[in-house]
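Novice: The following block contains the structure, expressed as structure tokens.
The values are calculated or read from the model by the stated rules, or taken from the named source; none is laboratory data. Predicted model only: the values in this text are computed from it and were never measured. Methodologically, a virtual Cβ is constructed for each residue, glycine included, from the backbone with ideal geometry; neighbour enumeration extends over all protein chains shown. Remember, those area values only see protein heavy atoms, side chains included, never the ligands or the DNA or RNA. Shrake-Rupley method; radii C 1.70, N 1.55, O 1.52, S 1.80 Å.
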Amino acid sequence: MLHQLNHEEIRIKEKEFEIILVLCNIEKTQNVGMILRSAVISGVAEVYTMGENNYPTHKLKKISRNAENFLSLKKNSIECLEENFPREKFTWAALEYTDESLAIENFKALKNILLFVGNEKRGIPEEILNKTDVHLHLEMYGNISSYNVAVATSIALYQLRL
């Protein structure tokens, strides 16, 4: 007879490379909480924020289902990221639909990834897009032109781990 596995019975896959996530000016705490939860599930090593946003801890805990026990949000600047995540060891990738973007299913990580995701309305700032090595997008098949940032990040993290 089949039974649903409990948390202790689920096998965790080995990671082939590290993913560092950078949240660019994300405004809504609920999106950050959902991204944190997906980041933990996807084996993200670290999560950084850029911008002036502060997220209420109690709300973040509730939404992320305590994911902050495994990953914390760290504020950072582009200059610090450039210093700590060199191009020799990391591919800088932007999850953004641009005139140069590649469908994420056609991207194969050859080294660690620094993945930038953007603001709910404005996306990733152009000055950051210009610093990334590759722009990745999710294919869309309906009439709306973008996914919610938390949903898009979750899909991208899953796709990158395939």
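Novice: Do we have any residue at all in segment 61-73 that's touching a residue at least 12 places away in the same chain (Cβ under 8 Å), under 14 Å from the mean Cα position of the chain (by Cα) and surrounded by fewer than 17 Cβ atoms within 10 Å (Cβ to Cβ)?
Specialist: yes
Novice: Output the number of residues of segment 41-57 satisfying the condition of being within 25 Å of K121 (Cα to Cα) and open to solvent by 50 Å² or more (accessible area, probe 1.4 Å).
Specialist: 4
Novice: Quick test of your reading of the structure: D133 fulfils all but one of (1) closer than 19 Å to L36 by Cα; (2) open to solvent by 40 Å² or more (accessible area, probe 1.4 Å); (3) touching a residue at least 24 places away in the same chain (Cβ under 8 Å). Name the failing condition by number.
Specialist: (1)
Novice: If I go through segment 1-40 residue by residue, how many of them are more than 16 Å from I124 (Cα to Cα), open to solvent by 30 Å² or more (accessible area, probe 1.4 Å) and either in a loop (DSSP other than H, G, I, E, B) or without any contact (Cβ under 8 Å) to a residue 60 or more places away in the chain (or both)?
Specialist: Result for segment 1-40: 19.
Novice: Right, something else. Going by the structure shown, is S101 more than 23 Å from I63 (Cα to Cα) and surrounded by 17 or more Cβ atoms within 10 Å (Cβ to Cβ)? Reasoning before the result, please.
Specialist: Working: more than 23 Å from I63 (Cα to Cα): yes; surrounded by 17 or more Cβ atoms within 10 Å (Cβ to Cβ): yes.
Yes.
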